[in-house]
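The next block holds one structure in the form of structure tokens; read it before the comments.
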Amino acid sequence: MNKLQEPSKKAVVLVSGGLDSATVLAIAKERGYACHAISFDYGQRHRCELEAARQVARAAGVVAHKRITLNLDEIGGSALTDPAIAVPEQPGEGIPVTYVPARNTVFLSLALGWAEVLDADVIFVGVNAVDYSGYPDCRPAFIEAFNRLSAVATKRGVEGRPIRIEAPLIHMSKAEIIREGSRLGVDYGLTVSCYNPDAECRACGRCDACRLRAAGFAEAGVPDPTRYQ
Ligand code: ZN
């Protein structure tokens, strides 16, 4: 590619291997950003999402894809990082045990550091506060607070060019997200949402993430490409 044709705007995009972040990556691309994907191997039980993240990033033609290993399982405290805590199959009251303590704070902090190194203007993250599991770090208040942190925590911030955190899905329903991604050509067959997939990465069909995903495809009127157990 000739230099003049390369997008000059850079973005870091958090890519988990799930449906939401695959859609966000397509949105960032459509907005003309040269996308730098970042994924986290944090000791999650649903590790096949890391392979999904690789495929999603490759299909989107990202400039680079970084995978960072974190071992959040050393902290535990979540059904996603502690094998002793079961993934619930029925929705319960309050914040579910699949919440990973401070996960998005940790992830966005590392993305912020990489964005500063790359001199990227924006970080895209696929958090969603409509059809979600009730996690505190998926709400608008969290994104707003992180934007204030970005402005005071970085060299770029004090120089008056803070790196912006954008969460384009935050007010969208799962069906709206799927329609938008379908319009942008996202191959949802590459994505994995299940909290408890089997060894072949097939979805359980029963956890919160599976339920929200299946309902989203049904409501959007888009065929569900998920491989179930
Ligand atoms: Zn599942």
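Structure values in brief
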quantity	calculated
Residue check for F142: buried (at least 17 other Cβ atoms within 10 Å of the Cβ), of a type in the set (F, W, Y), touching a residue at least 24 places away in the same chain (Cβ under 8 Å) and farther than 24 Å from S109 by Cα	no
Given (1) surrounded by fewer than 21 Cβ atoms within 10 Å (Cβ to Cβ); (2) farther than 22 Å from A53 by Cα; (3) touching a Lys or Arg at 6+ places or on another chain (Cβ under 8 Å), index of the condition S150 fails	(1)
Qualifying residue in segment 188-196 (condition: outside any loop (DSSP other than H, G, I, E, B), within 16 Å of the ligand (Cβ to nearest atom) and in contact with a Ser or Thr (Cβ under 6 Å, 6 or more places away or on another chain))	no
Answer residue from segment 63-118, given it is outside any loop (DSSP other than H, G, I, E, B) and of a type in the set (V, I, T) and is farthest from the chain's Cα centre (by Cα) among those	V117
Flag if L184 is away from the ligand (no atom under 13 Å from the Cβ) and within 27 Å of Q44 (Cα to Cα)	no
Lone unmet requirement of (1) under 16 Å from V106 (Cα atoms); (2) surrounded by fewer than 17 Cβ atoms within 10 Å (Cβ to Cβ); (3) of a type outside the set (S, T, Y) for D137	(2)
Odd one out for Y132 among (1) closer than 21 Å to L19 by Cβ; (2) at pLDDT 95 or above	(2)
Where G160 falls short, out of the listed (1) more than 25 Å from D208 (Cβ to Cβ); (2) buried (at least 21 other Cβ atoms within 10 Å of the Cβ)	(2)
Residue ID - modelled with the lowest pLDDT, chosen from residues in segment 201-217 that are more than 9 Å from the ligand (Cβ to nearest atom) and touching a helix residue (DSSP H, G or I) at 6+ places or on another chain (Cβ under 8 Å)	C201
Filtered residue count, segment 42-68, keeping only those that are at pLDDT below 95, in contact with a strand residue (DSSP E or B) (Cβ under 9 Å, 6 or more places away or on another chain) and either more than 20 Å from T226 (Cβ to Cβ) or not charged (D, E, K, R) (or both)	3
Residue that is surrounded by fewer than 22 Cβ atoms within 10 Å (Cβ to Cβ), on the phi < 0 side of the Ramachandran plot and of a type in the set (V, I, T), where the choices are T69, T23	T69
Any hit, segment 160-171, residues being within 9 Å of the ligand (Cβ to nearest atom), in a strand (DSSP E or B) and either touching a helix residue (DSSP H, G or I) at 6+ places or on another chain (Cβ under 7 Å) or of a type in the set (S, T, N, Q) (or both)	no
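The values are calculated or read from the model by the stated rules, or taken from the named source; none is laboratory data. Predicted model only: the values in this text are computed from it and were never measured. Cβ: placed from backbone, ideal geometry, glycine included. Neighbour counts: every protein chain shown.
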